[in-house]
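For reference, the structure is listed below as structure tokens.
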Amino acid sequence: MTYIKHMAFAVHSVDDTLRRYQTLLGAGLDAKVVVAEKARIKVAIFTVGDIEYQLNESLDADGRFSRWIAERGTEGLHHICYAVPDIDAALDEALAQGATLRECQACKVFGSHPHPEGYVAFLDQETGGIELELMQVYTPAELEQYKSIRGI
Ligand SMILES: [Zn+2]
């Protein structure tokens, strides 16, 4: 069954935006804030109900989230990630319905490929202008395999 894995927002400042979620909504009080040096982003991760929110800030003025904000002229909802049971089947179905693959900007890959939490693929803005990410979440065994390959 398809469900929302996460919603990713591009923001100028993770700290400022997170503070607003905390003070206005009482959400994100237990947020995990991570600086990913390799990806050159700062991200806050927290859940609202069953849905994971990710607030993303580029560490560089020409980083992917900085550029996305500059192109649109505003912060906003960058993409929604949907968890699907079988990413290959989901992609076949989406492509048969006329969807187009979009390059993973972090990995420079089109189509299904491994990410830290599962196999992912991106589709062009097919649903109301919001970029779609599909994820087949790893089983515990697949997660261990991913970690051992990456040495983490
Ligand atoms: Zn990727």
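The values are calculated or read from the model by the stated rules, or taken from the named source; none is laboratory data. Not measured: the values here are computed from a predicted model. With ideal geometry, Cβ positions are generated from the backbone for all residues, glycine too; neighbour counts draw on all protein chains shown.
Quick notes on this one:
- Pairs with Cβ under 9 Å, 6+ apart, first in region 138-152 and assigned by TED's automatic domain parsing to the domain that holds Ala121, second surrounded by 12 or more Cβ atoms within 10 Å (Cβ to Cβ) and among the β-branched types (Val, Ile, Thr): Leu143/Val137
- Checking each residue in region 1-39 for being closer than 30 Å to Asp86 by Cα and not aliphatic (A, V, I, L, M) picks out Thr2, Tyr3, Lys5, His6, Phe9, Lys32, Lys38.
- Considering Glu71, Glu52, Glu93, Glu57, the condition of being surrounded by fewer than 13 Cβ atoms within 10 Å (Cβ to Cβ) and either assigned to a strand (DSSP E or B) or not assigned by TED's automatic domain parsing to the domain that holds Gly128 (or both) is satisfied by Glu71 alone.
- Meets criteria (in contact (Cβ under 8 Å) with a residue 24 or more places away in the chain, hydrophobic (A, V, I, L, M, F, W, C), on the phi < 0 side of the Ramachandran plot and not in a strand (DSSP E or B)) for Ala99: yes
- Any hit, region 128-138, residues being within 16 Å of the ligand (Cβ to nearest atom), touching a helix residue (DSSP H, G or I) at 6+ places or on another chain (Cβ under 8 Å) and among the aromatic types (Phe, Trp, Tyr): yes
- Single match in Ala61, Ala96, Ala141, Ala121 (criterion: in contact with a helix residue (DSSP H, G or I) (Cβ under 8 Å, 6 or more places away or on another chain) and aliphatic (A, V, I, L, M)): Ala121
- Selection within region 91-117 - more than 16 Å from the ligand (Cβ to nearest atom) and among the small types (Gly, Ala, Ser): Ala94, Ala96, Gly98, Ala99
- Filtered residues of region 5-44 (kept if among the hydrophobic types (A, V, I, L, M, F, W, C), within 17 Å of the chain's Cα centre (by Cα) and either closer than 14 Å to His78 by Cβ or in a loop (DSSP other than H, G, I, E, B) (or both)): Met7, Ala8, Phe9, Ala10, Val11, Val14, Ala31, Ala39, Ile41, Val43, Ala44
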